[in-house]
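Everything below concerns the one structure shown next.
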Amino acid sequence: MAPNLTLYADSAWMSPWVFHVLVALEEKGLPYTIEQIPLPITEPLKSELKAKAILGKVPVLVHDGTWITESLAISEYLAETFPTPGHARLFPANLVERARARQVMSWLRTGLFGLRNDRPTSNVFGPPSFGPMSDKAKADAAELIDVASALVKPGATQMFAEWSIADADLALCLMRMVACQDPMPEHLARYALAQWDRPSVQKFLAHVPTSR
């Protein structure tokens, strides 16, 4: 029996965290429906979401009456509710690599705010419109390149022995720079673009009005 899954997404399709969840659903091969929510979320709807999912924000995954927010919580839920071998992995099988994947995803969500401000996802999912980087953004960009270079070897299309959802997150962050033609090592740009060619990522991009 097919699972009853609904993804609540922002109607502009600009959220990196909605991106994360939709890619996870697609990589798992799970059927789902989409409910689009205009941003900013109205107070009545925010109150309704809080009542059901604790936090009034997107993305929200609804599974058989269970409402979950926060992209990492959602992908962890999907990984454990729909495990291998019946469904593809989202996280590496190797424990060290799995911890490293979680480390990278947590870091991407809690840092690099200068880069994220100067190179928003609207530049990735829509026509780029940008100016010079601030000093903070430049420092963040340098840190991003250092971290990515330690994890992605030249010629590699994934960080670990097998693809993981962390690759989608890291690639999206790198695409903030690729889309704006900011300098970075060629192998990192190739890695990011390889992720962009995955069917799961293309499925997300098909929803983005400005990408059509």
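The values are calculated or read from the model by the stated rules, or taken from the named source; none is laboratory data. Note that this is a predicted model, so its numbers are computed, not measured. Glycine also receives a Cβ, built like all others from the backbone with ideal geometry; neighbour counts cover every protein chain displayed.
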Please go through the range 110-157 and pick out each residue that is free of Cβ contacts under 8 Å to residues at least 40 places away in the same chain and either on the phi > 0 side of the Ramachandran plot or within 15 Å of the chain's Cα centre (by Cα) (or both). 110, 111, 155
Give the number of residues within the range 51-64 that are touching a Lys or Arg at 6+ places or on another chain (Cβ under 9 Å) and not hydrophobic (A, V, I, L, M, F, W, C). 2
Of 9, 73, 2, 101, which residue is at pLDDT below 95 and either in contact with a Pro (Cβ under 6 Å, 6 or more places away or on another chain) or under 27 Å from residue 125 (Cα atoms) (or both)? 2
Flag if residue 106 is outside any loop (DSSP other than H, G, I, E, B), hydroxyl-bearing (Ser, Thr, Tyr) and surrounded by fewer than 16 Cβ atoms within 10 Å (Cβ to Cβ): yes
Within the range 57-71, tally of residues that are without any contact (Cβ under 8 Å) to a residue 40 or more places away in the chain, surrounded by fewer than 20 Cβ atoms within 10 Å (Cβ to Cβ) and more than 18 Å from residue 14 (Cβ to Cβ): 3
Among residues belonging to the range 11-38 that are polar (S, T, N, Q) and surrounded by fewer than 19 Cβ atoms within 10 Å (Cβ to Cβ), point out the one that is nearest to residue 163 (Cα to Cα). 33
Every residue in the range 19-33 that is in contact (Cβ under 8 Å) with a residue 60 or more places away in the chain and in contact with a strand residue (DSSP E or B) (Cβ under 6 Å, 6 or more places away or on another chain), please. none
